[in-house]
Structure formats: structure tokens, C-alpha cells
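The values are calculated or read from the model by the stated rules, or taken from the named source; none is laboratory data. Note that the structure is a prediction, hence the values are computed from the model and not measured. Note: ideal-geometry Cβ built from the backbone for every residue, glycine included; neighbour counts use all protein chains shown. Just the protein is used for accessible areas: all its heavy atoms, side chains included, with ligands, DNA and RNA removed. Shrake-Rupley method; radii C 1.70, N 1.55, O 1.52, S 1.80 Å.
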Amino acid sequence: MMDLREFLDNLEKAGELHTVAAQVDPKHELGAICKIFNERPNSPALLFENVKGSTIPVVGQLLASDRRVALALALSQKNVFDETVRRATKPIPTRLIANGPCQEVVMEGSEVDVTKLPLCTNNPRDGGPYITAGHVIIKDPEYGNNLAIYRMMLVSKNEVTIRFTPGHDGHDFIKNAEKRGQKNFEVAVCIGVPPAVYVGSQFEPRAGVFELEIAGGLAGEPVDVVKCRTIDLEVPALAEIVLEGELKIPAKTGDEGPFGEFCGYTTAQVPNERIMTIKAVTHRKNPIYHNIWLGKPPHEHLYVDALTYAVAAYQELKPAYPALKKAYAPPWGVSIVLILQLEKRLMRPGIVNNILAASLYTRSGKWKHVIVVDEDINLEDPNEVLWALTTRFQPATDMYIIPRGITSSLEPSATVDGLTSKAMLDLTIKENFRGEVAEPTDAMRQMVLQRWKEYGFK
């Protein structure tokens, strides 16, 4: 399986990696560099070789483009959606091996000191240094294993807060553990994982489906795992860094945040957040640390979700609605906007409203806005979506509102419990539509493309 190191080599060969040799401060400066790169189209991933206060290099902007998400799965942008749908439906169980690179260096007990990692304070109002690319593995006796990313703020050399937000499996698993009367809850945090594992972690399947097995399906081979040394969990053998920890029940708590979140705003401080004790740190020789900058979009996290959330919604809707051609969760929609594309020949009266309603069954109903477009609209191009909104949509008849539904509690206009109204938009062409698209014919387009170099174009 391609690990982070091989992926970085591939990105360099593809002109998709820039190495920063100058010393960079992980407090605010590194994050500011990432943000400025976010604002520039086609900007590369960044490898910071000289991070102040640490000997460990930091990679950022790793999957901050549709092209790099495709490269992470060894796919082209043209087939990434269809092929990801195919692979994600064929999960492959993990493969347990005796030893792995992630345990080449081991620190336990009093040796543990996470401050030696180049933890970044990405935004000016963040409450402290955060682990933002921590791929968290937990398990539940009823639902099995789970993999997802949760934010963690530094508390001390062997403690971090961990934010299990409502609506995610981590929140449900810890609540189940408390209900069962468990005395502790074990957590493994993997940083710098193989790219297929990173992408797989951002699926939100039904409880009981392990995202590491989806990652195996995406890669076409099992994810090799090794047993942790101090807790009863298994982690990807090719991870760069692993933190083995546990939460006591009742948990030790402390204030967490503020934090610049994926939605683009700084969330308020969270009182009485759970604190995790780190029992061991293991890592590869000369490890690489992965930092995800979060804030005003677009950013890395949203490009991954644009594919994974859309594929997951497509998988659930397609069997009931064959007219569904493609789905997309655009980065500008901060993971709570879903765009669905329908194939004209399979559409029938009433299908748009039905599929809009059915979409709220996917992703635990967290979508805030769902949009349906025709197949001639490139749903990945906001200009085309807005064009359809302007010329194919009548607000009085082509939209309905759902009051007090569930979305992410991190969306700042929602209530603190994540309640929001939802807009369902039909941007398709209706009967008696008076427009005819003005553009070259397919034959003329093809002829022009064949002569492209003759015109002096590259």
C-alpha cells in the first residue's frame, strides 16, 4: 500500500509538492502560509523541513485539490468519482501483522512528551496547539471499530482534549461506554497515514462499517495493522506517528478551544471537554507530521469530503433512483451542501422532489442545502450551478424549506445543538422552459480541439 512517503515522492514527480527550507514557526506562521496557498488556484502541497522547536518536518495542504485527492487513490480526475464508488462498495478487511514501521521508535509512561511533536497553532484565536490530522481509532462492543478525524488540543506533555461532537460515532461510542459502566475508553491516534486511509476516514457509513476496510477497498488491498503496545486496538502499520491513549470514566475535563473549524469560523471555547491521557507514543524513524489547516474555505479537509461524502450519499440513493448520475459536496459548501445530478432520459414527474426528500436519509441528515441539477450542468463548477440557479429556478415553486432539522453543530448560524432549517432546491429545466443553450456543437468542439496546437495553444 502506498504510504505517505511514497505519496510525497509521487507528488514531487507530478509537480504537486513544494519544499520549504526556511525555518517556519508552527504558531500562526505555518497556518498563514497554508491559508495564502489556499487562495491560489493549483497551488501545491507543502513540506516544511525546518519547523521551529522540532526536528520533525510537517506536511500541509496534502489533499487540498481535486487532483491530489485523485492521485491519493492512484486515479485520474476523470474517473475518480465512478471508480471510488466502485471500490468503496467492496471493502477489504484489515490484515494483522506482527511488526510495523509505526513502532520503530517507542516511548511509554514517563517518556511520553507530545510537545516534541511540531503541533501547530493554525489560527490567531486558537486556544493552543492542536492535532488536526489525528486519525482516531476506537471500538464499541456492539458496533465494532471506527475511524475518523477529531480535533485535539494540547493540555500537557501527556494529555490532550478530544472533541467528540454529537452526531458522530465517537460521541455515541463514548456515551455507550459510560452507560455500560466502563472505567476507561481506549483511543489510538494515527498521524501521517497512508493516503487511502486518510480518504477512507472521511466516509460516514452506517455504524458497524469500519472505515479502515473501506480504505482497503479504495487501495485494492488490505490495510496492514499492528497491535498497540498499551491498549487493545490495532493501527495502520504504515502510519508515521501513533498516540496510544485512554479516557477515564468519569472523564477528567478542562476547557477546550477556541478553534478555527472547517466551516470557516472560530468556534467558542468548550467548557468541561474530555481529556485523554497518552500512555505511549510510537513512530517511524525520521517521522513526518501531517497538519491540516482549517478555516475560511476552501481548505484540504473540504476537498476530501467533496468526494467521500458525495460517494456515500450516491451509494445510498442510487438503488432507489437510477436517474442519479453523480453527486458532489462542493468545498464552498463546507460539507453540508450536496449537489445531485440527474440523467434526463431516466427522469419522470415528481422524481426531483422525491430524491430531495430521500437525500436527508443520507449522512445522518446533516445536509443543510440539497440541490438537484440537470446532466448538462458541471456540478463541480460553481459558475454553472449559479447559472442554473439564476435561469432554471423559480423560488416560489422550485424550493421547499424544512424547519428545525439536524446539521453540524459547528455551523455557526445553527443552534448550539445543530438545529437548522434546510433548503431543497430544484435547478432542473421544467416544462415550458423557453431557453435553448447557446454553445458550439459537439462536432465543432471536437474539430477545434483537434486543431488546438495549430492555434498556438498549449
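Summing Lys, Arg as +1 and Asp, Glu as -1, what charge do residues with Cβ under 9 Å from the Cβ of residue 52 carry, residue 52 excluded?
Around residue 52, the charge tally is -1.
Quick check: at a probe of 1.4 Å, how many percent of the accessible area of the stretch 205-349 sits on carbon and sulfur atoms?
Carbon-and-sulfur percentage of accessible area, whole number: 52.
Taking the solvent-accessible surface of protein heavy atoms with a 1.4 Å probe, what is the per residue accessible area of the stretch 299-379 in Å²?
Value returned for the stretch 299-379: 33 Å² of accessible area per residue.
In whole angstrom, note down how far apart the Cα centers of the stretch 82-135 and the stretch 383-458 are.
Rounded to whole Å, the Cα centres lie 37 Å apart.
On a 0 to 90 degree scale, rounded to 10, what angle separates helix 29-38 from the longest Cα axis of the chain?
20 degrees
Assuming R0 = 41 Å, can you tell me the calculated FRET efficiency for the pair residue 83 and residue 113, based on Cβ-Cβ distance, to the nearest 0.05?
Rounded to the nearest 0.05, the efficiency is 0.45.
Can you flag which of 344/430; 78/296; 52/296; 90/326; 326/422 are past 23 Å Cα-Cα? Before the final figure, lay out each step's value.
Details: 344/430 11 Å; 78/296 27 Å; 52/296 25 Å; 90/326 19 Å; 326/422 21 Å.
Exceeds cut-off: 78/296; 52/296.
Which shape class applies to the stretch 181-303: rounded if a/c is under 1.5, otherwise prolate when a/b exceeds b/c and oblate if not, where a ≥ b ≥ c are the square roots of the Cα gyration tensor eigenvalues? Provide the component values of the computation, followed by the final result.
Working: a/c = 1.57, a/b = 1.10, b/c = 1.43.
Here the stretch 181-303 falls in the oblate category.
Near residue 73, within a Cβ-to-Cβ distance under 15 Å, what is the net charge of the other residues, with Lys and Arg +1 and Asp and Glu -1?
That sum, taken over residues with Cβ under 15 Å, equals -3.
Can you give me the angle between helix 300-317 and the longest principal axis of the chain, using Cα atoms only, in degrees from 0 to 90, rounded to the nearest 10?
60 degrees
Quick check: pseudo-label points 7 Å beyond the Cα along Cα→Cβ at residue 384 and residue 32, how many nm apart are they?
The answer from the label model is 3.9 nm.
If you take every residue apart from residue 321 with its C-beta less than 11 Å away from the C-beta of residue 321, what net charge results, scoring Lys and Arg +1 and Asp and Glu -1? Each step should come with its number before you reach the end.
Working: positive: 318, 325, 348; negative: 316, 343.
Neighbour charge sum, excluding residue 321 itself: +1.
Calculate, for residue 438 and residue 394, the FRET efficiency according to 1/(1 + (r/R0)^6) with r their C-beta to C-beta distance and R0 30 Å; round to the nearest 0.05.
Efficiency for this residue pair is about 0.90.
Please compute the per residue accessible area over the stretch 23-152 with all protein chains in place, 1.4 Å probe, rounded to a whole number of Å².
Result: 45 Å² of accessible area for each residue.
What is the distance in Å between the Cα centres of the stretch 293-315 and the stretch 1-26?
Computed from Cα coordinates, the inter-centre distance equals 21 Å.
Along Cα→Cβ, 7 Å out, is where each label goes; now give me the distance between the ones at residue 458 and residue 55 in nm to one decimal.
With each label point 7 Å from Cα toward Cβ, the separation is 4.2 nm.
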